[in-house]
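Got a structure for you, questions after.
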Amino acid sequence: MTRIKCCGMTRVGDALLAARLGADAIGLVFTARSRRQVTLARAREIVAALPPFVASVALFMDDEPGLVRQVLDEVRPTLLQFHGNESDAWCAQFGRPFLKAIAMGEGVAALPWLREYPQAAGVLLDGHAASEAGGSGRTFDWSLLPRDPVQPLVLAGGLHAGNVGEAVRTARPWAVDVASGVESAPGIKDPARLAAFIRAVRAADAA
């Protein structure tokens, strides 16, 4: 079964809806470079409201270690996610499971980076170019995903209800990650789009 992460949550109601519809994880963005940045206070509210077995993921991009530690202390997310130029050792310094995003906008040239993060719990492949923030809404060539990855692969970038089924069938990722594809505005989730996205993933699994 393909796991589902809904990223860029800024409202408690949206996070609870995602959980009720079957999302496995929600993402909270703390880097100021994102239009979906959430405050510490709101992030605490969202995490406190989540039902059991729904993970919370805190996203950063070349942020100061102090911010990461503050989020760990105050929000207590399940996992960390890093979208910048952070090294494997830098990401691992916090002693928590982490995902490392790889910018796949360069295509094949980006693939060697998959081997640069042996301590990561998983690698997230996004459609944006290097040094750009996630949530761009751009896809990449899903056939580039290796068939025998060392770590679980999370597929992101431009996914929505209309293409996620094809993405799952083509790439067979461990999980998919969606943000802009289920929104009415940055950080504001659309209930109908969110429900359609999760139905499409489950239909692809069943097929």
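Which loop-located trypsin sites (Lys or Arg not before Pro) does the range 102-207 contain, where loop means any DSSP state but H, G, I, E or B and the Cβ has at most 12 other Cβ atoms within 10 Å?
Hits after loop and neighbour filter: Arg147.
Something else about it: Among the chymotrypsin sites (Phe, Trp or Tyr not before Pro) in the range 26-92, which ones are in a DSSP loop with at most 13 other Cβ atoms within 10 Å of the Cβ? Mind listing them?
Details: sites: Phe30, Phe53, Phe60, Phe82, Trp90; in loops: Phe30, Phe53.
For chymotrypsin sites (Phe, Trp or Tyr not before Pro) across the range 26-92 that sit outside H, G, I, E and B with at most 13 neighbouring Cβ atoms in 10 Å, the list reads Phe53.
A further question follows. Enumerate the calculated ³J(HN,Hα) couplings along the range 53-62 in order (Karplus 6.51 cos²θ - 1.76 cosθ + 1.60, θ = phi - 60°), each rounded to whole Hz, writing x wherever the residue is Gly or Pro.
Karplus-based 3J(HN,Hα) across the range 53-62 equals 6, 10, 7, 10, 10, 9, 9, 9, 8, 6 Hz.
Follow-up question, since we're still on this one. Among Gly22, Gly66, Gly165, which one moves the most in a GNM of the chain with springs linking Cα atoms closer than 10 Å?
Its mean-square fluctuation being the largest, the pick is Gly66.
Here is a follow-up. Could you give the size of the charge dipole of the range 148-202 about its Cα centre, using +1 on the Cβ of each K and R and -1 on the Cβ of each D and E, expressed in debye and rounded to the nearest 20?
200 debye
Per-residue HN-Hα couplings for the range 199-207, Karplus 6.51 cos²θ - 1.76 cosθ + 1.60 at θ = phi - 60°, whole Hz, x for Gly and Pro?
My calculation for the range 199-207 gives 4, 5, 5, 5, 5, 5, 4, 5, 6 Hz in order.
Quickly estimate the mean residue ellipticity at 222 nm for the chain, helices only: each DSSP H run with n ≥ 4 gives -39500 (n - 2.57), and the total goes over all residues, rounded to 500.
-8500 deg cm²/dmol
Multiply the residue separation of Arg76 and Asp148 by 0.36 nm, subtract the distance between their alpha-carbon atoms, and state the gained length in nm to one decimal.
22.7 nm
Oh, and also: Got a number for the accessible area of Lys5? Probe 1.4 Å, square angstrom, nearest 10.
10 Å²
Hey, with R₀ at 25 Å, roughly what FRET efficiency would Leu67 and Glu45 work out to, going by the Cβ-Cβ distance, to 0.05? Mind dumping the intermediate values first?
On the way: r = 19 Å, r/R0 = 0.75.
Efficiency, from the Cβ-Cβ distance: 0.85.
Need the C-alpha centroid separation for the range 37-111 versus the range 147-179, integer Å.
Rounded to whole Å, the Cα centres lie 19 Å apart.
Per residue, how many Å² of accessible area does the chain show with a 1.4 Å probe?
Ligands and nucleic acids excluded, the result is 44 Å² per residue.
Taking the Cα centre of the range 7-46 as origin, sum charge times position over the Cβ atoms of Lys and Arg (+1) and Asp and Glu (-1), and report the length of that vector in debye to the nearest 20.
Values: 7 positive and 3 negative charges, 39 e Å.
Using only the charged Cβ atoms, the result is roughly 180 debye.
Would the range 66-207 count as rounded, prolate or oblate if I go by the C-alpha gyration tensor, calling it rounded below 1.5 in a/c and otherwise prolate when a/b exceeds b/c, oblate otherwise?
oblate
Determine the relative contact order of the range 53-207: mean sequence separation of Cα pairs under 8 Å and six or more apart, normalised by residue count, in whole percent.
Values: 270 pairs, mean separation 23.5, N = 155.
Relative contact order, the range 53-207: 15 percent.
Among Gly13, Gly105, Gly122, which one moves the most in a GNM of the chain with springs linking Cα atoms closer than 10 Å?
Per the Cα network of the chain with a 10 Å cutoff, Gly13 tops the list.
Follow-up question, since we're still on this one. Could you derive backbone 3J(HN,Hα) for the range 21-35 from the dihedral phi with the Karplus parameters 6.51, -1.76 and 1.60 (θ = phi - 60°), listing whole Hz in sequence and x where the residue is Gly or Pro?
Coupling constants for the range 21-35: 6, x, 5, 8, 8, 10, x, 10, 9, 10, 6, 5, 6, 9, 6 Hz.
Put +1 on the Cβ of each Lys and Arg and -1 on the Cβ of each Asp and Glu in the chain; which of Pro65, Val168, Pro118 then has its Cα farthest toward the positive end of the dipole?
Farthest towards the positive end: Val168.
Cα-Cα pairs above 14 Å in the range 40-90: how many percent?
Working: 664 of 1275 pairs.
Of all Cα-Cα pairs in the range 40-90, 52 percent lie more than 14 Å apart.
Next question, about the same structure. In Å, what Rg and Dmax follow from the Cα atoms of the range 27-118?
13.7, 41
Now for a separate question. Gaussian network model of the chain, Cα springs within a sub-10 Å range: biggest mean-square fluctuation belongs to which of Val182, Val108, Val68?
Val108
Let me ask you something else. Can you work out the PRE-style zone for Phe53? Point 7 Å along Cα to Cβ, and I want the residues of the range 9-38 with backbone N under 14 Å.
19-25
The values are calculated or read from the model by the stated rules, or taken from the named source; none is laboratory data. Since we're looking at a predicted model, the values are computed, not measured. Quick reminder, even Gly has a Cβ in these numbers, built from the backbone with ideal geometry, and neighbours come from all protein chains shown. These accessible areas exclude ligands, DNA and RNA; they are computed on the full protein's heavy atoms, side chains included. Shrake-Rupley method; radii C 1.70, N 1.55, O 1.52, S 1.80 Å.
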